[in-house]
Amino acid sequence: MGGTGRAKVVAVARALVVGDVRDGELAAKLRAAGATGVDRVPAAALPRALHETVGPDGVLVVAGDLIAHGTVLRHLLTVPGGGSVALTGTADDLGAPVSVARGQVTGCGGPPVPPAAPATFLGALRLSPETVAAVPRAAGRGEGPGAVDALLADLHAAGARIGTQPVRLLVAGRAAGDADAAALRHRLDAVDEDAAALRLAVKEQDDFFTTFAISTWSPHVTRLAARLGLTPSMVTALSVVLAVVAAAGFVRGTRAGLVTGGVLLYLSFVLDCVDGQVARYTRRFGAFGGWLDTMADRTKEYLAYAGLAWGAERAGIEGVWPLAVAAMVLQTVRHQTDFWYGALHDEAARRPAADVGGALGRMSVRVQSGGRSAAYWLKRIVVFPIGERWALMAVVAALGDGRAALLAVLACGAFAAAYTLTLRTLRARVMRVPVLAGADLPAVRDEQGRERAPARSRLRPLPLTGLALLAALAALAVAVGTLPGGRPGAVLLVLAAAGLAVLPRARPHDGALDWLVPAALRGTEYVALVALGAAFAVPWPWIFGATAVLALRHYDQQTRLEKGAPAARRLAWDVSWELRLAAVLVLVWFAPVAAFAAAALYVGVLLALQVRRSWVTG
């Protein structure tokens, strides 16, 4: 298997080979890839064998006519997430025609329905225990290796969610005869398997800055890290250390400190990319690693914001901490919309709709599938992803000061938010996918108690939550003196915002645009908290710290869903968000700074205990 075998291979599934075997080394490759065992089964006995063989990590089904690099099989066996996955190739590869969209099988046979693209099923399926449980025990369809194609078609028709593992740079194909087998073996021998595996560790579609300023040389760092035995989490930890030192440079506020901070922030982001590349290269995946990577990213970014604000303040520049708070809140709310729109789009792609996203959806597909054109890169840049965000922050800080860097991040972030929110809202109205209808609403809304039966009402969640966000923004405007009303007016508006946001908690969240509710709810909470701090003259660093801890709690909850991590069981004294806000509102009258310190401590302890129970003690 080449260099990718340096890391410990984790056995994840037993393999069933169906039909006559074209590759005499197939069983050995499967075992080297991590299969706990390899069994030959006739096509008719495949369903029964699946139920008898499947373990807690699923089962791998392979057509006997598959010829592939061992690394291809290893990648299929180690796809993170634990779901069911099909090995797919381009439409030119030999195999059964399928349609794919957003990393999942959306059709078997026939022309693909846009925005799906044509592809080929290469005869290997990793099935989860849940998917196998839905397979009837009756005799299988198809003969020989074709039984695996029939199995995929049946699962798709039954509504099973099947992801895709595409073959890139390496070789895999179905050999219908001796000539096909000879041609495939010749192609296998012509590829440097380890070099291809290293290149595959780099994301196929990444953002502009990452692609051209990091991925051109980061694979060398990735190979070195793998040879040194560094795990992805170790690389993540090194990235955090560099970010801490970068923030310390920003805090100095001098030209040398700002330049040093900018350079170190860039190097921190390099390692942030390398940790994922090490995971893909060594196939060391885990829910904890994905969770840690996201939490580390947010912590590093918040440290950079705080360092820039603190350094600017030391340099005599006033009014910078509010910019840091605004940048943090904006980015956190944006990530909420990113997550739920992604979930909505994934669900829409699985539906037999003739037009996902309308004209805007078709335009987006054309841009994404048109190669690395100017329009493709412009679309990547304008959404202001983390690479562009950190690069802008580092360069502007090095050339200017902390205020200029935060203003640049805030302005570009606001434009990106308006751009993405507008287009996504228009597309979501066409797709009409109630993505929150089956979600655990108390967990999504960060509320205590069991989910209750939805109450029917004409008052929809999104308008009410949108009004709550507007009330919170008005409270902030009153608190900072932009609008009249003083401290009592700000407090009353905060109470109104909380009441409006809580009102739809028991109503069905099944509207076409209800995917925006979590982001609006979190925005309401953050802005209301900031408004209370401003109204009671709490120093802005304390407001920043309390809001940052709260945002990390919500990232913890969201990342567990995104990465397939175990859900954190709420503690008995973990109250709903509006009760936390009410407690701050009461305490802030008597001891403003202590109220925010207590809020940060309370949420921080909750987060630490939940992390400990989930990842340390199990």
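The values are calculated or read from the model by the stated rules, or taken from the named source; none is laboratory data. Since the model is a prediction, treat every value here as computed from it, not as a measurement. Neighbour counts run over all protein chains shown; Cβ positions are idealised from the backbone, glycine included. These accessible areas exclude ligands, DNA and RNA; they are computed on the full protein's heavy atoms, side chains included. Shrake-Rupley method; radii C 1.70, N 1.55, O 1.52, S 1.80 Å.
Condition check for residue 349 on (1) aliphatic (A, V, I, L, M); (2) modelled with pLDDT of 80 or more; (3) surrounded by 20 or more Cβ atoms within 10 Å (Cβ to Cβ): one failure, at (2).
When 147, 138, 124 are checked against the criterion of being open to solvent by less than 10 Å² (accessible area, probe 1.4 Å), more than 31 Å from the chain's Cα centre (by Cα) and of a type outside the set (S, T, N, Q), a single residue qualifies: 147.
On the stretch given as the range 469-480, residues that are more than 15 Å from residue 585 (Cβ to Cβ) and under 30 Å from the mean Cα position of the chain (by Cα) total 3. Just one of the listed residues (72, 62, 105, 85) is in contact with a strand residue (DSSP E or B) (Cβ under 6 Å, 6 or more places away or on another chain) and over 25 Å from residue 287 (Cα atoms), and it is 62. Quick one: what pairs do we get from the range 277-289, first residue under 19 Å from residue 611 (Cβ atoms), second of a type in the set (Lys, Arg), C-beta under 6 Å, 6+ apart or different chains? Every condition considered, the pairs that remain are 287/563.
Being open to solvent by less than 40 Å² (accessible area, probe 1.4 Å), without any contact (Cβ under 8 Å) to a residue 24 or more places away in the chain and assigned to a helix (DSSP H, G or I) is not true of residue 553.
So which residues in the range 569-618 are at pLDDT 85 or above and β-branched (Val, Ile, Thr), if there are any at all? Of everything in the range 569-618, those that are at pLDDT 85 or above and β-branched (Val, Ile, Thr) turn out to be 575, 584, 586, 588, 593, 603, 605, 611.
Listed by position, the helices (runs of 4 or more DSSP H) contained in the range 108-196 that have at least 1 residues being among the hydrophobic types (A, V, I, L, M, F, W, C) and farther than 25 Å from residue 350 by Cβ are 178-189.
Residues in the range 40-58 that are assigned to a strand (DSSP E or B) and more than 18 Å from residue 142 (Cβ to Cβ): 55, 58. Is there a residue in the range 399-407 that is under 22 Å from the mean Cα position of the chain (by Cα) and buried (at least 20 other Cβ atoms within 10 Å of the Cβ)? Within the range 399-407 (the criterion being under 22 Å from the mean Cα position of the chain (by Cα) and buried (at least 20 other Cβ atoms within 10 Å of the Cβ)), the answer is no, since none of the residues qualifies. When each of 176, 213, 201 is tested for being surrounded by fewer than 20 Cβ atoms within 10 Å (Cβ to Cβ), touching a residue at least 12 places away in the same chain (Cβ under 8 Å), of a type in the set (A, V, I, L, M, F, W, C) and closer than 20 Å to residue 270 by Cβ, the lone residue that passes is 213.
Residues satisfying the criterion are present in the range 231-243 (criterion: open to solvent by less than 50 Å² (accessible area, probe 1.4 Å), over 22 Å from the mean Cα position of the chain (by Cα) and of a type in the set (A, V, I, L, M)). Against the list (1) touching a Gly at 6+ places or on another chain (Cβ under 8 Å); (2) farther than 30 Å from residue 396 by Cα; (3) at pLDDT 95 or above, the condition residue 246 fails is (2).
Only residues that are crowded, with 22+ Cβ neighbours inside 10 Å, polar (S, T, N, Q) and closer than 24 Å to residue 399 by Cβ were counted in the range 252-311, giving 1. What's the total number of residues in the range 584-611 that are open to solvent by less than 50 Å² (accessible area, probe 1.4 Å) and either in contact with a His (Cβ under 7 Å, 6 or more places away or on another chain) or of a type in the set (A, V, I, L, M) (or both)? Qualifying residue count for the region: 13.
Could you please let me know if residue 204 is of a type in the set (Asp, Glu), modelled with pLDDT under 90 and more than 29 Å from residue 54 (Cβ to Cβ)? Criteria met by residue 204.
The residues of the range 488-511 that are modelled with pLDDT under 95, farther than 21 Å from residue 333 by Cβ and either under 23 Å from the mean Cα position of the chain (by Cα) or surrounded by 16 or more Cβ atoms within 10 Å (Cβ to Cβ) (or both), listed by number, are 507, 508, 510. Is there a residue being in contact with a Cys (Cβ under 6 Å, 6 or more places away or on another chain) and either in a helix (DSSP H, G or I) or aromatic (Phe, Trp, Tyr) (or both) anywhere in the range 211-218? Yes. Taking every residue in the range 366-381 that is small (Gly, Ala, Ser) and pairing it with any residue that is modelled with pLDDT of 60 or more, at least 6 positions away or on another chain, the pairs with Cβ-Cβ distances below 8 Å are 369/117; 370/376. Would you call residue 88 hydroxyl-bearing (Ser, Thr, Tyr), open to solvent by less than 50 Å² (accessible area, probe 1.4 Å) and at pLDDT below 90? When the stated conditions are applied, residue 88 does not pass them.
Conditions tested, residue by residue: (1) among the acidic types (Asp, Glu); (2) within 20 Å of the chain's Cα centre (by Cα).
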residue	(1), (2)
513	no, no
516	no, yes
531	no, no
534	no, no
553	no, yes
556	yes, yes
594	no, no
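Sort out which residues of the range 556-568 are open to solvent by 10 Å² or more (accessible area, probe 1.4 Å) and either under 30 Å from residue 492 (Cβ atoms) or modelled with pLDDT of 85 or more (or both), and write them in order of number. If the condition is that a residue be open to solvent by 10 Å² or more (accessible area, probe 1.4 Å) and either under 30 Å from residue 492 (Cβ atoms) or modelled with pLDDT of 85 or more (or both), then 557, 558 are the ones that fit.
The residue that is modelled with the lowest pLDDT, counting only those in the range 355-384 that are open to solvent by 20 Å² or more (accessible area, probe 1.4 Å) and assigned to a loop (DSSP other than H, G, I, E, B), is 355.
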